[in-house]
Amino acid sequence: MTWVITAVVVSGVAQAGMQVRAGQQQKVELDRQAEDAKFQASTEELARREQLNKVLASNAVSLAGGNVAMEGTPSSISLASAKNISHSESVTNLTSKLAQAQTKRAGKNALSTAKMAGASTLLSTGVKAAQLSQPKD
């Protein structure tokens with residue numbers, strides 16, 4: 001009977017260990033995804049800024065050549081454009097950071113859940129071992 005109890009305990013400990021390792025691996029993967037998202041956001045921001053610079057340069061050339069008919073002064077139009085662009089960049093940046101934070105939280109939650117599952121497995125293993133060690137009447 002002792003070997004049965006030992007087998008149950010060893011099996012339970014191994015299962016709990018696998019649950020925790022799976023949670024750790026999931027956390028590592030989600031952290032990697034968050035870093036990938038951060039890099040992608042930086043790349044996209046650079047592309048947007050490059051496009052913006054092209055548009056602003058084109059506008060400046062058009063204004064200098066007198067080829068553009070506008071309402072308002074060029075400086076007020078430029079200021080309004082800058083405000084809109086700044087707001088858009090802020091929203092995009094915030095959205096990206098929130099998505100990264102959510103992914104990191106998901107990793108922490110996965111690890112926490114795996115640890116709780118491992119602890120639960122160990123407790124149920126202890127209960128099984130105690131039940132098996134009870135003499136049968």
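The values are calculated or read from the model by the stated rules, or taken from the named source; none is laboratory data. This is a predicted model, so every value here is computed, not measured. With ideal geometry, Cβ positions are generated from the backbone for all residues, glycine too; neighbour counts draw on all protein chains shown.
At-a-glance table
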read-out	value
Hey, Thr92 part of a helix (DSSP H, G or I), touching a Gly at 6+ places or on another chain (Cβ under 8 Å) and surrounded by 12 or more Cβ atoms within 10 Å (Cβ to Cβ) or not	no
Residues satisfying the stated conditions in the range 115-137, i.e. in a loop (DSSP other than H, G, I, E, B) and among the basic types (Lys, Arg)	Lys136
Residue match in the range 102-111 (condition: of a type in the set (Val, Ile, Thr) and without any contact (Cβ under 8 Å) to a residue 40 or more places away in the chain)	no
Selected residue [modelled with pLDDT under 80, exposed (fewer than 13 other Cβ atoms within 10 Å of the Cβ) and under 34 Å from the mean Cα position of the chain (by Cα)] from Ala82, Ala60, Ala47	Ala82
Hits in the range 6-31 (condition: touching a residue at least 24 places away in the same chain (Cβ under 8 Å), within 13 Å of Ser124 (Cα to Cα) and not polar (S, T, N, Q))	Val8, Val9, Gly12, Val13, Ala16
Residue check for Val13: within 30 Å of Gln134 (Cβ to Cβ), modelled with pLDDT of 85 or more and of a type outside the set (D, E, K, R)	yes
Residue under evaluation Ser42, criteria (1) surrounded by fewer than 16 Cβ atoms within 10 Å (Cβ to Cβ); (2) farther than 20 Å from Leu94 by Cβ, criterion not met	(2)
